[in-house]
Amino acid sequence: MTQSPETAEVARLSPNFGHLAETLPLVAFVGARAERGVFEDPVAALMRLRQFGELLSKQVAASIGVYVAAEEAQHDRLRRLRDENAVDRDTAALFHALRLVGNAANHEVVGTQRDALHALRQAWRLGVWYRQAFLQPGFKSGAFTPPPDPRGAEQALKEELALLRQALADQKKEAADLSARVQTEAELRIIAKAEAKSAYEDLEVALE
């Protein structure tokens, strides 16, 4: 299936939601928009992340055949999904967290950059959970990728971003090390197989 230009753009540019672009283009698009606005407009980002949670919960409900209506309140939908064992306690808590901070942003126009960053990470976890639970059980996600440093950010936020980036770098290094080990082991197996074959041929010659 050919991707639309918007879907392809999300898949290319969004490190945290691009993996959903092919199967859930609208969900991925909303997540990517929030991702871009975390530091420039955290209140708008929080509202988009609430929408991300709502769209994803509707998709879960549809996937297990319990979708009711678009107008159903998110709280009610999440309760039904819990009753159907479609989401566990921790996953439901992530959905509710996005709902609550999004409501506060929408009705009270409140939300900090740190709030938006935390909510973005929660949305990323939900996206990975959905991919593993409903699309690809063996899916392996990289670490959460934080947006670029905002100008004039408070020190605590900069330190938090530094920790997130270090976690991402550590995971990339671990993956690279694992790939190198696999390559080395494959080469060793080839050598061992060749040596075993040579020894067997030598043995045949000796027996003759």
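The values are calculated or read from the model by the stated rules, or taken from the named source; none is laboratory data. Note that the coordinates shown come from a computational prediction; the quantities given were computed from them, not determined experimentally. No Cβ is skipped: glycine too gets one built from the backbone with ideal geometry, and neighbour counts run over all protein chains shown. For accessibility, only protein heavy atoms count, side chains too; no ligands or nucleic acids. Shrake-Rupley method; radii C 1.70, N 1.55, O 1.52, S 1.80 Å.
Details
- Candidate lysines for bridging to LYS58, where Cα separation is under 26 Å - those fewer than 8 sequence places away on the same chain excluded: LYS140
- FRET efficiency for the LEU168 to ALA70 pair, using the beta carbon distance and R₀ = 35 Å, is estimated at 0.45.
- Residue-by-residue Karplus 3J(HN,Hα) for region 158-172, coefficients 6.51, -1.76, 1.60, Hz, glycine and proline x: 4, 5, 5, 5, 4, 5, 5, 5, 5, 4, 5, 5, 4, 5, 5
- Nonpolar atom fraction for region 2-150, defined as the carbon and sulfur part of the 1.4 Å probe accessible area, stands at 49 percent.
- Equivalent ellipsoid of region 40-168: semi-axes from √(5λ) of the C-alpha gyration tensor, largest first, are 28, 19, 10 Å.
- Cα centroid separation, region 89-104 to region 39-83 (Å): 9 Å
- Sites matching trypsin sites (Lys or Arg not before Pro) across region 78-172 that sit in DSSP coil, with at most 15 neighbouring C-beta atoms within 10 Å: LYS140, ARG151
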